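Here is the structure we will look at, set down as structure tokens.
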Amino acid sequence: MTDAAELRRRTQEFLAAHPPAGTARQDFLRARFDAGLAWVHFPEGLGGLGAPRTLQAVVDAELEAAGAPDNDPRRIGIGLGMAAPTILQYGTQEQKERFLRPLWTGEEVWCQLFSEPGAGSDLAALGTRAVREGGHWVVDGQKVWTSSAHLARWAILIARTDPDVPKHRGITYFVCDMTDPGVEVRPLRQITGEAEFNEVFLTGVRIPDAHRLGEAGDGWRVAQTTLNNERVAIGGMRLPREGGMIGPVAKTWRERPGLRTHDLHQRLLKLWVEAEVARLTGERLRQQLVAGQPGPEGAGMKLGFARLNQEISGLEVELRGEEGLLYDDWTMRRPELVDFTGRDAGYRYLRAKGNSIEGGTSEVLLNIVAERVLGLPAEPRTDKDVPWKDLAR
Amino acid sequence: MSDLLYSEEEEALRAAVRDLLTDHCDAAGVIARIESDAPHDLSLWKSLADGMGLAGLLVPEDRGGQGATHRETAVVLEELGRAVAPVPYLTSAVVATEALLACPEPGGLLASLASGRRIGALAVGLHTAPRAAFATVRLEGGALHGELTGIADAAVADVLLVPADDGGLYAVEAGAVTVTPQTSLDLTRPLARIVLDGARGRRLGDAEPAVRRALRAGAGLLASEQLGVAEWSLTETVRHLKDRKQFNRPVGGFQALKHRLAQSWLETVNLRAAARNAADALTTGEDVDVAVAVAQSYAAPVAVRAAEEALQLHGGIGMTWEHPVHLHLKRAKADSIAYGTAGAHREELAELVDLRAP
């Protein structure tokens, strides 16, 4: 059951039984999950067929051609990209059966409670406490940079369960119910004017032990699955030529010759080339994955895009001259999605500043490339063998 | 979308070329050779061309070649770039060969270049971009007169392909002209001045299309050589920094240096995609002008920076004549001018993708 023709046939049969035009969206998505056509690389019974991941494209193409509704993946990116692979790898059978279906259909939105005011790049230093009380854990602390928290039904949460051991060893990974009365979500306004992220205050939140993911104290290892998938999701979008941020700049350049200067021309051409080369690198990475030879190149994609987005959007503001002095809208909003193209250059410039911070700062990612890809030694560490409670903070 | 990977056959070819170069083209040997009277390694050339049949990769089998493509040729150039091998591969097996492939009447010359029995050089300055103007010699009473400079690998060429002022491209035997070596920045790809004083030549065809095609292929595949230079620079520097200890620890552990190497790695990864894309475009004939201009706009600064970083991060040893890093620096810098600078290729792109100057 791994062959493209067979998968195409199955999808066609499914479409015949559930014609998109005559089926309610939610019913269609649930049926698609139950037919194993949600994510074919997942196991049977959990939305998949145990097929190679690359064959998903066969299913998607058939469904798209039939005008089938999708699960609006951008709205539920954290669930799909981070929670789901972690639940699949570390969850119990009960957890997988409870969470994966509504996660995939979008009936339940997920968010991520990882970063804290005192634990950003040094995430393992986190201080949110979870204390065991009978069959529950009681959680107190503060999380930050949580997108979708105001929409989410569930969160993936890491908390300190043992302060007496070194920091990486005393962490446990949970699924947190965002409707618990102890969860308070406050919008966190950004430099763009809007509040895409939230602060989340956790006060006496009760989590049943059945919602622990992985062993107590093993949360750091579990979180690696989540974080590695986050970086893949951020760096891995497929683009046509001029498909990224360079697109609107090139369009303005062509349409408005009055804005052109020699200095901007040189810089534009340089960035155009870099954007095209980054696109080719992404394409090469995808070809490697399809051929079953994943390379370490993925580690660099997010780094490259962060810098490019910042430089290109910065150039775009400058290119607009007098208009670059204006801003489309400072109103405080809580958008469901980051939409780079629906806003003006000034927004793109400001929002892109976050690209080198979110999902691992560029400085941390350079360390990861240097140590894991190039094999260079790590900096000497003073925190490795010290109990968390004795660390400087 | 172009195929940006390496096939199994291409990897096997790479391994074979690397083995040969490991055995016959070590850095100490190259350093000793470049200041001798014979900077080119013709015995290595014979192994590559005659032994392995690599000089004829771009030539169809029915015209005496191997009938391979630019993709395989690019892999050979990556390896030659890593080793900074002093052989006329790019100039004879790529540029001169491409010029002949564009000519209607190359005669037996194409097959003799493809077999490696003879070495050819296109008599156009190495700095010339694919669409830039190039110098010609005078055709007077059936003989050629004039002087051409900056001709790479002319010192070992058996035959020169010379553009004349009648619009023709002429094959001229090296024995019929005066070839004088010029003191070159890159001693592994030395330049020469050619003086024609009534030399006889055989008209091969029109110079313009042949030169354009040759320089475009040269520029596109040069990116793979530059990738090889950058890769060597990065790999050697990483190796050195793991080994070298100061302040009681390997200096490769200092974040200030690690970040620079990680940056160089990112650029090298990008360069690989751009170089593969150019090689594939030359093979399929699709989107060639843009692919070549993108690769050449990107490759030169990356290769130069990788070599410059290698020198700096090797510290004092990198500044010595004995250490091979200078070979790569000089090659990278010369390559940044060869077949057009990055800036010239960006100007080309401005036209190709309609991002015109003010």
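The values are calculated or read from the model by the stated rules, or taken from the named source; none is laboratory data. From a predicted model like this one, the values you see are computed outputs, not experimental measurements. No Cβ is skipped: glycine too gets one built from the backbone with ideal geometry, and neighbour counts run over all protein chains shown.
With A:GLN95, A:GLN112 as the choices, which residue is crowded, with 22+ Cβ neighbours inside 10 Å and under 22 Å from A:VAL205 (Cα atoms)?
Matching residue, one of A:GLN95, A:GLN112: A:GLN112.
Residues to consider are A:ILE207, A:ILE191, A:ILE158; find the one that is touching a helix residue (DSSP H, G or I) at 6+ places or on another chain (Cβ under 7 Å), farther than 19 Å from A:ILE78 by Cα and assigned by TED's automatic domain parsing to the domain that holds A:ALA124.
The conditions single out A:ILE191.
Picking from A:GLY79, A:GLY120, A:GLY106, which residue would you name as being surrounded by fewer than 21 Cβ atoms within 10 Å (Cβ to Cβ) and either modelled with pLDDT under 95 or under 21 Å from A:LYS143 (Cβ atoms) (or both)?
A:GLY120
Condition (residue is of a type in the set (Val, Ile, Thr), within 14 Å of chain A (Cβ to nearest Cβ) and crowded, with 22+ Cβ neighbours inside 10 Å) applied to the stretch B:218-237: is it met by at least one residue?
yes
Across the stretch A:98-132, what is the total count of residues that are among the charged types (D, E, K, R), without any contact (Cβ under 8 Å) to a residue 60 or more places away in the chain and either assigned to a strand (DSSP E or B) or in contact with a Gly (Cβ under 8 Å, 6 or more places away or on another chain) (or both)?
3
Residues are listed down the side, and each one gets a yes or a no for (1) over 30 Å from A:ASP339 (Cα atoms); (2) among the aliphatic types (A, V, I, L, M):
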residue: A:ALA125; (1), (2): yes, yes
residue: A:ARG132; (1), (2): yes, no
residue: A:ASP140; (1), (2): yes, no
residue: A:SER147; (1), (2): no, no
residue: A:ASP177; (1), (2): no, no
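Test A:ALA38 against the criterion of being buried (at least 16 other Cβ atoms within 10 Å of the Cβ) and assigned to a loop (DSSP other than H, G, I, E, B), and give yes or no.
It is true that A:ALA38 is buried (at least 16 other Cβ atoms within 10 Å of the Cβ) and assigned to a loop (DSSP other than H, G, I, E, B).
Go through (1) modelled with pLDDT of 95 or more; (2) more than 30 Å from A:THR146 (Cα to Cα); (3) in a loop (DSSP other than H, G, I, E, B) one by one and return the number of the condition A:THR2 breaks.
Failing condition for A:THR2: (1).
Could you check how many residues of the stretch B:241-271 are more than 29 Å from the chain's Cα centre (by Cα), more than 7 Å from chain A (Cβ to nearest Cβ) and not in a strand (DSSP E or B)?
Of the residues in that region, 8 qualify.
How about the stretch B:104-124: which of its residues are assigned to a loop (DSSP other than H, G, I, E, B) and farther than 15 Å from B:ALA217 by Cα?
Result: B:PRO104, B:GLU105, B:PRO106, B:GLY107, B:GLY108, B:SER115, B:GLY116, B:ARG117, B:ARG118, B:ILE119, B:ALA123.
Working carefully through the options A:GLY292, A:GLY304, A:GLY298, A:GLY314, find the one that is within 8 Å of chain B (Cβ to nearest Cβ) and either farther than 20 Å from A:ASP344 by Cα or surrounded by 17 or more Cβ atoms within 10 Å (Cβ to Cβ) (or both).
Unique residue meeting the criteria: A:GLY304.
Can you name the condition, by its number, that B:GLU147 falls short on among (1) touching a Gly at 6+ places or on another chain (Cβ under 9 Å); (2) within 14 Å of B:ASP197 (Cα to Cα); (3) surrounded by fewer than 20 Cβ atoms within 10 Å (Cβ to Cβ); (4) of a type outside the set (Gly, Ala, Ser)?
(1) is the only condition that B:GLU147 fails.
Just to verify a result, which residue in the stretch A:263-289, among those that are more than 8 Å from every other protein chain (Cβ to nearest Cβ) and out of contact with any helix residue (DSSP H, G or I) (no Cβ under 7 Å at 6 or more places or on another chain), is surrounded by the fewest Cβ atoms within 10 Å (Cβ to Cβ)?
For the stretch A:263-289, the residue satisfying everything is A:ASP263.
Using beta carbons and a limit of 6 Å, which pairs, at least six apart or on different chains, have the first residue in the stretch B:296-310 and over 13 Å from B:LEU266 (Cα atoms) and the second one part of a helix (DSSP H, G or I) and among the hydroxyl-bearing types (Ser, Thr, Tyr)?
Taking only residues 6 or more apart or on different chains, the pairs are B:ALA307/B:SER233; B:GLU309/B:SER264; B:ALA310/B:SER233; B:ALA310/B:THR237.
Kindly indicate whether any position in the stretch B:304-314 is within 26 Å of B:ALA132 (Cβ to Cβ), more than 16 Å from the chain's Cα centre (by Cα), modelled with pLDDT of 95 or more and surrounded by fewer than 19 Cβ atoms within 10 Å (Cβ to Cβ).
Within the stretch B:304-314, one or more residues are within 26 Å of B:ALA132 (Cβ to Cβ), more than 16 Å from the chain's Cα centre (by Cα), modelled with pLDDT of 95 or more and surrounded by fewer than 19 Cβ atoms within 10 Å (Cβ to Cβ).
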